[in-house]
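The next block holds one structure in the form of structure tokens; read it before the comments.
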Amino acid sequence: MATTTVPTSPPLAQVRVARRTRGSELRAVKIVWEREVIRFFSDRLRIVTSLVQPLLFLFVLGTGLSQLTTGFSGGLSLRTFLYPGILAMAVLFTALFAAASIVWDREFGFLREMLVAPVHRSSVVIGKCLGGATVAGFQGIIVIALAGLVGVPYAPLLMLEVFGIQLLLAFTITAFGVMMSARIKQMQSFMALTQMLVLPLYFLSGAMFPASHLPTWLTVLNRIDPLTYAVVPIRHLVFAHLQLSPLVRARLDAGVSWAGWPVPTLVEIAMVAVFGLGLLGVAVVSFSRSE
């Protein structure tokens, strides 16, 4: 009697997911950071176009309106006064555009591949924020190099302090953009929301006018604007290296006060860090709940 052999199924392949370790999380942060840097430096047109708006504000607007403000500024060039705000602008838009790449990654499906990797989503968010801060910091260096053209001395300590604030601001703005990108599905929506929020944040920060002696409603908006606490310290550092009369300095560089208490520069910078960490936390939570 013939016997029939039952074919045996091949053994199932075992899929092992790598354990999450501190090293793997740091490696994930590094990879996301490197991707942002490579993407930025491979797009030369993006580097050039992101500088157009700061240069227009600094040299075209600053030169064109300077004759209207000569008496108020005590002889200080309007370009010099606008320079601290332009330093903030240089990293503002670049950092937001770096965060916008998340929306592109979602539309093309690459974001899902990143989020299913065996790493915490917080590592992806942190790498994205560090990458945005890095590329925006590079843009900031270019604008710092223009200091001599607007009458600001090339003091090494001044350059380092300003660059440090720029990096901190870039990280905060990138975290803000990443937080928005967690819920926005289309690039058109992201760009529309960016235009609606960024320009008001910039103009309310005091980048174009002194932050003192404002109407009550404008003072309130200025004090709750996170960008204020980056623009005012940068202006204070720049003006500390200029030869100005006490009257002009008090008029143009009065700083920020809370209920009559003048806020120290270190506290202002700490406020930017607090905003950045808070936005980073919200971004991590948002990505943990999305997709």
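Here is how the numbers come out for the structure above:
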{"quantity": "Fully extended contour minus Cα-Cα distance, from Leu247 to Phe41, at 0.36 nm per residue", "calculated": "69.7 nm"}
{"quantity": "5 angstrom amide H check on Ala211, placed H, neighbours 5+ away", "calculated": "Ala254, Gly255"}
{"quantity": "Listed residues Ala270, Ala99, Ala170, most fluctuating in the chain (Gaussian network, C-alpha, under 10 Å)", "calculated": "Ala270"}
{"quantity": "Choice from Pro246, Pro118, Pro226 showing the highest fluctuation, given a GNM over the chain with Cα pairs closer than 10 Å", "calculated": "Pro246"}
{"quantity": "Rounded FRET efficiency, nearest 0.05, which uses the C-beta distance separating Ser24 from Leu214 and R0 of 51 Å", "calculated": "0.50"}
{"quantity": "Listed values (i) 48, 43, 40; (ii) 55, 54, 33; (iii) 115, 41, 35, entry calculated as Cα extents along the principal axes in Å", "calculated": "(iii)"}
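Read-outs throughout are calculated quantities, based only on the coordinates presented, and are distinct from any laboratory measurement. Because the structure is predicted, anything quoted here is derived from the model rather than measured. Counting neighbours? That spans all protein chains shown, and the Cβs are built from the backbone with ideal geometry, glycine included.
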